[in-house]
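Accompanying notes for the structure given below.
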Amino acid sequence: ALARGALDRHAAHEIGHVALGHTNGRTADFSKQMAMRTIGPMVVARFIPIIGPFIASFLTDAYAARVSRGKEFEADEFASALLWKVGQSSAALRSLLDKLEKMHGGGGGPDWLRSHPPAGERIKAIQGHEARWGGRYAGPSTSSAFASLGSLAFFRRARRVGEQFSMLCAVAQT
């Protein structure tokens, strides 16, 4: 069973993807990858016949996975900041990540070819954010601790979305 509030925390992560522009950036990422998939094999095949296209495709897959993993860490950081802002712990999000990892068995293959980072790394990063922010939650009103961190871009975004997220959590709990 999922921890209470795990889906709320997952929603915060997905809101992070939208707020950070990851959905808009997918077009540019996809265009780069398509160019790499089209041009890369032709160029590499001139120097390494027969297996060159496979090498180019493999390198493109590794690049795409690296970009995706970075965006997952950014969305996790945004979700942590948003949860921190509205006075909620990210413990349920950490628990959800751990359970998803166990359900999928680690995803198979080397970590550097996975689109999502291993849950353990994501959980450590989330705990690091909370420790960096003082380990205490800001609560529904803006505290002086939160205001001092207001210059960071993800906190500014969290501030704008914080009240809507509080309402979303309240609706989800009813």
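Take the alpha carbon gyration tensor of the range 55-104, find the square roots of its eigenvalues, order them as a ≥ b ≥ c, and report rounded if a/c is under 1.5; if not, report prolate when a/b exceeds b/c, else oblate.
oblate
Within the set of other residues whose C-beta is less than 13 Å from the C-beta of I39, count the net charge using Lys and Arg as +1 and Asp and Glu as -1.
In short, +3.
Straight-line reach from K99: which lysines have Cα under 21 Å away, leaving out those fewer than 8 places along the same chain?
K71, K124
Each value in this text was obtained by applying a stated rule to the coordinates, not by laboratory testing. Owing to the predicted nature of the structure, the values given are computational and were not obtained by experimental measurement. For neighbour counting, all protein chains shown are included, and Cβ atoms are generated from backbone atoms with ideal geometry for every residue, glycine included.
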